[in-house]
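Take a look at the structure set out below.
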Amino acid sequence: MGIIVQKYGGTSVAGPERIQKVAARVCRAVDAGNQVVVVVSAQGDTTDQLLEMARAISPRPPKRELDMLLATGEQISIALLAMAIDALGYKVISLTGAQGGIMTDEHHTKAKIRKVNGERITTELKRGAIVIVAGFQGVTADNNITTLGRGGSDTTAVAVAAALQADICEIYTDVAGVYSADPRMVPDARLLPEVGYDEMLELASLGALILQPRAVEVAAIYGVPLHVRSSFQDCPGTIVREVEDVEKAVSVTGVASDDNCAQITIIGVPQEVNTLQLVFASLAEEGINVDMIVKASGRAATTNLSFTVQRSDLQSALEAIHHLPGAGQWEISANEDVAKVSIVGAGMMTNPGVAAAMFDVLAEEGVPVELVTTSEIKVSCLVPRKRLKDAVSSCHRRFCLHEAK
Ligand code: ADP
Ligand code: ASP
Ligand code: MG
């Protein structure tokens, strides 16, 4: 008898009918002879609504209390799904993250799973129950409830699958699998039958919402194969696993986009100031991640610095920078109307000229590029937000991603 972990996203459990459909699918997996653990997200846009409720009370709610609030979304889903499965006559139990042994660090709203204490889940499975675990939440050693960052239910599912040494972790969502670009933005995007962990990690980190990057990271570390598929239709979906044959890898597999960025530019810092260290240390202290960075010499022995942060971190980042010694003399500006387009492909390392082809097509399309970053398997360009769709579509076309490779 194998263990399967199935994760259902917010759209898949939005409303009683969908929950009943999920329940039926879970029971089919049990009928096929599997032990099944189910991880669920909050229904529909519940998490967004909870965030709005918090903002209506306070512009900066304490993160611990925000986690107390956000965790309620998933608790609704687990209870309702357990009721639906019980109504079908199957033994079932729902568990919060804490009850399911999801132990995290203390970083409220962005916590990382340290360990999954799988005893309770295992005991319930042995008793013959279907176990439903709340995604996105965990508990610290001090018994405080934490959440894992947006999209965190994916990571709960993968971590549980790793801890139980499950045969597979199935991610059920509102599209048929992983595509060569967001199918909502590029209608002729192609469903990818298989993606390697490395490429998937880049795609997810660069804005392909389909999987939380941390989930892919954990899957890669523990070798958990992922099967991303539709919860509405029976389609083959996408398998994410270790792909060894880099020789065969295509130069570009997919295009990702991220419009949750903001650019900060600092002009006129005296050259004797170690700007990079000063600025980035202060942002790190605030837990703010910096993404694209360009440092250049300015006029009259000064340095200019331009970089991007997540748009939601912009205000905190600006505050931190304005508090730095000497900041009163610098010209500090922010631009929220930017977005990032990236091309990803494991074959890029062996195919020169890919970045040039990207710059070429963006220039042809008249899309200005503000900042560029590259790695062995990706090229990212910061572009005006209103041109993001054109940038994504033109790159998708240029690398013929709609065609089967
Ligand atoms: P869930 O609630 O099931 O976790 P998400 O909204 O988090 O679903 O992720 C699914 C969404 O990811 C899709 O609706 C799609 O618009 C988006 N997406 C972005 N990039 C891709 C891609 N390359 N392939 C598939 N979906 C993508
Ligand atoms: N409900 C959480 C969110 O909306 C977690 C998830 O959906 O994975 O981000
Ligand atoms: Mg998601």
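The values are calculated or read from the model by the stated rules, or taken from the named source; none is laboratory data. Values in this document were obtained by computation on a predicted structure and should not be read as measured data. For neighbour counting, all protein chains shown are included, and Cβ atoms are generated from backbone atoms with ideal geometry for every residue, glycine included. Ligands, DNA and RNA are stripped out before the accessible areas are found, and what is left, the full protein with its side chains, is counted by its heavy atoms. Shrake-Rupley method; radii C 1.70, N 1.55, O 1.52, S 1.80 Å.
On the stretch given as the stretch 151-171, residues that are under 15 Å from PRO213 (Cβ atoms) and more than 8 Å from ligand 1 (Cβ to nearest atom) total 6.
The combined condition, being hydrophobic (A, V, I, L, M, F, W, C), closer than 23 Å to ASP182 by Cβ, open to solvent by less than 70 Å² (accessible area, probe 1.4 Å) and touching a Pro at 6+ places or on another chain (Cβ under 7 Å), is fulfilled by VAL338.
Looking only at residues in the stretch 320-344 that are at negative phi and in a loop (DSSP other than H, G, I, E, B), which one is modelled with the lowest pLDDT?
Step one: of the stretch 320-344, the residues at negative phi are 320-325, 327-344.
Then drop every residue that is not in a loop (DSSP other than H, G, I, E, B), which leaves 323-325, 330.
Working: HIS323: 94, LEU324: 93, PRO325: 90, TRP330: 93.
In this case the residue turns out to be PRO325.
Does any residue of the stretch 75-92 turn out to be more than 13 Å from ligand 2 (Cβ to nearest atom) and either of a type in the set (Val, Ile, Thr) or within 23 Å of VAL218 (Cα to Cα) (or both)? Yes, the stretch 75-92 contains a residue that is more than 13 Å from ligand 2 (Cβ to nearest atom) and either of a type in the set (Val, Ile, Thr) or within 23 Å of VAL218 (Cα to Cα) (or both).
Please work out which residue is nearest to ALA23 (Cα to Cα), limiting yourself to the stretch 217-239 and to residues that are crowded, with 20+ Cβ neighbours inside 10 Å and within 14 Å of ligand 3 (Cβ to nearest atom).
First pass over the stretch 217-239, keeping only residues crowded, with 20+ Cβ neighbours inside 10 Å: 218-219, 224, 226, 228-229, 231, 237-238.
If we keep only those that are within 14 Å of ligand 3 (Cβ to nearest atom) as well, we get 226, 228-229, 231.
Details: LEU226: 21, VAL228: 18, ARG229: 16, SER231: 11 Å.
Here the answer is SER231.
When restricted to residues that are small (Gly, Ala, Ser) and outside any helix (DSSP H, G or I), the stretch 345-356 contains 2.
If the requirement is being assigned to a loop (DSSP other than H, G, I, E, B) and crowded, with 19+ Cβ neighbours inside 10 Å, which of these qualifies: VAL269, VAL252, VAL279?
Details: VAL269 fails: assigned to a loop (DSSP other than H, G, I, E, B); VAL279 fails: assigned to a loop (DSSP other than H, G, I, E, B).
The match here is VAL252.
Scan the stretch 142-170 for residues that are within 14 Å of ligand 2 (Cβ to nearest atom), of a type in the set (D, E, K, R) and open to solvent by 10 Å² or more (accessible area, probe 1.4 Å) and report the count. Number of matching residues: 1. Condition first: buried (at least 17 other Cβ atoms within 10 Å of the Cβ), among the basic types (Lys, Arg) and without any contact (Cβ under 8 Å) to a residue 60 or more places away in the chain. Can you find one or more residues in the stretch 361-380 that meet it? No, the stretch 361-380 contains no residue that is buried (at least 17 other Cβ atoms within 10 Å of the Cβ), among the basic types (Lys, Arg) and without any contact (Cβ under 8 Å) to a residue 60 or more places away in the chain.
Is it the case, given these coordinates, that GLY128 is touching a Lys or Arg at 6+ places or on another chain (Cβ under 6 Å) and either open to solvent by 30 Å² or more (accessible area, probe 1.4 Å) or within 16 Å of ligand 1 (Cβ to nearest atom) (or both)? Give the derivation first.
Details: touching a Lys or Arg at 6+ places or on another chain (Cβ under 6 Å): yes; either open to solvent by 30 Å² or more (accessible area, probe 1.4 Å) or within 16 Å of ligand 1 (Cβ to nearest atom) (or both): yes.
Taking the combined requirement at face value, the residue satisfies it.
Filtering the stretch 389-405 to residues that are open to solvent by less than 10 Å² (accessible area, probe 1.4 Å) and outside any loop (DSSP other than H, G, I, E, B) leaves ALA391, VAL392, SER394, CYS395, HIS396. Against the test of being in contact (Cβ under 8 Å) with a residue 40 or more places away in the chain and not aliphatic (A, V, I, L, M), the options THR308, THR302 yield a single qualifying residue, THR308. The requirement of being in a loop (DSSP other than H, G, I, E, B), of a type in the set (Asp, Glu) and closer than 28 Å to SER316 by Cα is satisfied by GLU106.
Scanning the stretch 180-229 for residues that are assigned to a loop (DSSP other than H, G, I, E, B), touching a helix residue (DSSP H, G or I) at 6+ places or on another chain (Cβ under 9 Å) and within 16 Å of ligand 2 (Cβ to nearest atom) yields ALA208, ILE210, LEU211, GLN212.
Considering only the stretch 282-299, state which residues are assigned to a loop (DSSP other than H, G, I, E, B) and open to solvent by less than 100 Å² (accessible area, probe 1.4 Å).
Answer for the stretch 282-299, where residues must be assigned to a loop (DSSP other than H, G, I, E, B) and open to solvent by less than 100 Å² (accessible area, probe 1.4 Å): GLY287, ILE288, GLY298.
If you go through the stretch 110-141 and keep only what is within 16 Å of ligand 2 (Cβ to nearest atom), modelled with pLDDT of 95 or more and in a loop (DSSP other than H, G, I, E, B), you end up with ALA111, LYS112, GLY135, PHE136. In summary, VAL369 fulfils each of the numbered conditions (1) at pLDDT 95 or above; (2) under 20 Å from ALA208 (Cβ atoms) with the single exception of condition (2).
Taking into account only those residues within the stretch 6-30 that are closer than 19 Å to THR122 by Cα and out of contact with any Asp or Glu (no Cβ under 7 Å at 6 or more places or on another chain), which is nearest to ligand 1 (Cβ to nearest atom)?
The selected residue is VAL26.
To keep it simple, each residue is scored yes or no on (1) within 11 Å of ligand 1 (Cβ to nearest atom); (2) aliphatic (A, V, I, L, M); (3) open to solvent by 30 Å² or more (accessible area, probe 1.4 Å); (4) within 18 Å of CYS235 (Cβ to Cβ).
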residue: THR173; (1), (2), (3), (4): yes, no, no, yes
residue: TYR179; (1), (2), (3), (4): yes, no, yes, yes
residue: LEU192; (1), (2), (3), (4): yes, yes, no, yes
residue: VAL195; (1), (2), (3), (4): yes, yes, no, yes
residue: ASP198; (1), (2), (3), (4): no, no, yes, no
residue: LEU211; (1), (2), (3), (4): yes, yes, no, yes
residue: ALA215; (1), (2), (3), (4): yes, yes, no, no
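Whenever a residue of the stretch 130-142 is at positive phi, its partners that are open to solvent by 10 Å² or more (accessible area, probe 1.4 Å), lying with C-beta atoms within less than 7 angstrom and at least six residues away or across chains, give the pairs PHE136/SER41; PHE136/LEU148.
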